[in-house]
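Just so it is clear, none of the values below were taken in a lab; they were calculated from the coordinates. Computed from a prediction, not measured in an experiment: that's the story for all the values here. Counting neighbours? That spans all protein chains shown, and the Cβs are built from the backbone with ideal geometry, glycine included.
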Amino acid sequence: MFVDRSVVEVIAGTGGSGSAAFRRETGVPRGGPAGGDGGKGGDVHLQADSQLATLLDFGYGRHYKAERGMHGAGKDMTGRSGEDLVLRVPPGTVAYDAQTEELIGELLTDGESIVIAKGGRGGRGNTRFKTATTQAPRHCEPGEEGEERTIRLELKLIADVGLVGEPNAGKSTMLAAVTAATPKVAAYPFTTLQPNLGVVQLSGFRSFVIADIPGIIEGAHEGKGLGHQFLRHIERTRVLLLMIPVDAEDPQAEYERIRAELEAYSVDLATTPFVVGLSKTDMLGPDDPGPTVLADNALGVFSFSAIARKGLPELLEKLWEARDAVTAEERGSSPDEWWTP
């Protein structure tokens, strides 16, 4: 089961209380205060783990609590700090405070970690309160309570290329044809009910990751259909492939609908470089040139058939070039030659 959203309640550990003790030794009269500090409460961490792919584990437990700190003791002994609690999530997870909607942080790489709830400070023992005028203090501090928060976790898949199109555009067929992924393929709309990832292998040891999301219909950004639930999974993609089937009633209008939905959902998606793919060309007759789509801002318009595997090599090379150009720009160089159709 693919789970990409979850809400959890986390409580960091309470700090241990300080001790109000006095030194008691033979031959040492009036030994003075000797109460140690309490230990710090454990923090709650989120840590990215590349072996995880969904937030399914958080469907079995909603409440998570870190260990409290131990109390201080006599002989100036400080209490042991509480163990931190580490919650493992897949890379691409974003954490929000569910009450304030504040962005806490996001985890993109394996092993990356953030603190989502801080443990309480340990209380001070009576040794800390000794002064020249108060040489036998009898008071100490209690430990502070740990943070208690409700956290909303959202998973955004990390991929290089995102497949976008209306239902039955051939996205799953495309994914299955160019990767080892096995998405559900059928001749009816909304066969894709969850995002799928696949790795495209090219010559020269080159590869990139493709993400397929459920079909987008008009009004998806307002919550219609299934695509709106998963549009966030392509927010991190470097390049989009907008797929328009050649048997669409009006390919140009379908292209414009998809662009409008992306722009309405996110400004970032509206500015993401994209390629237009006219899919299902195996349905055309031998003398049928097929439809044309005017896409001024596209990096290119390619016709292909995933089933017949015609036109795929050229399309995949263009996607690689576009992905490589974005990567180079992120690193500080800007190969502008890739930004023309």
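Among the lysines, which fall within straight-line cross-link reach of residue 40, defined as a Cα-Cα distance under 26 Å, with same-chain neighbours fewer than 8 residues apart omitted?
65, 75, 118, 130
Which percent, to the nearest 5, of DSSP beta bridges fully inside the stretch 17-111 are antiparallel?
Restricted to the stretch 17-111, the bridges split so that about 60 percent are antiparallel.
Would you list, by chain and number, the aspartates and glutamates whose Cα falls below 17 Å from the Cα of residue 310, excluding same-chain residues fewer than 8 positions away?
Qualifying aspartates and glutamates at Cα under 17 Å: 247, 282, 287, 288.
How would you classify the stretch 236-294 from its alpha-carbon gyration tensor, with a ≥ b ≥ c the square roots of the eigenvalues: rounded for a/c under 1.5, else prolate if a/b is greater than b/c, otherwise oblate?
The shape class here is prolate.
So what is the relative contact order of the chain, in percent, for Cα pairs below 8 Å that sit 6 or more residues apart?
Rounded, it is 15 percent for the chain.
May I ask you to compute the full-extension gain from residue 284 to residue 309, defined as 0.36 nm times their residue separation minus their alpha-carbon distance, rounded to one decimal in nm?
7.6 nm
Rounded to the nearest 5, what % of DSSP beta bridges with both residues in the chain are antiparallel?
55
Run the quick spin-label model on residue 199 and residue 100: label points 7 Å from Cα toward the beta carbon, then report their separation in nm to one decimal.
In this crude spin-label approximation the distance works out to 4.0 nm.
Once you have the Cα-Cα distance between residue 264 and residue 24, take 0.36 nm times their residue separation minus that, and quote the gain in nm to one decimal.
79.0 nm is the gain from fully extending residue 264 to residue 24.
Which longest uninterrupted range of the chain lacks any chymotrypsin sites (Phe, Trp or Tyr not before Pro) assigned by DSSP to a loop state (not H, G, I, E or B) and surrounded by at most 16 other Cβ atoms within 10 Å?
206-341
Quick check: from the Cα gyration tensor, does the stretch 1-155 come out rounded (a/c under 1.5), prolate or oblate?
Prolate, because a/c is 1.5 or more and a/b exceeds b/c.
Report the FRET efficiency, 1/(1 + (r/R0)^6), for residue 180 and residue 148, where r is their Cβ-Cβ distance and R0 is 41 Å, rounded to 0.05.
For residue 180 and residue 148, the calculated efficiency is 0.40.
Would you look at the GNM of the chain, springs on alpha carbons closer than 10 Å, and say which of 144, 235, 106 moves the most?
The residue that fluctuates most here is 144.
Go through (i) 17.6; (ii) 24.2; (iii) 18.6 and flag the label whose value is the computed mean projected area of the Cα convex hull in nm² for this structure.
Calculated mean projected area of the Cα convex hull in nm²: the matching label is (ii).
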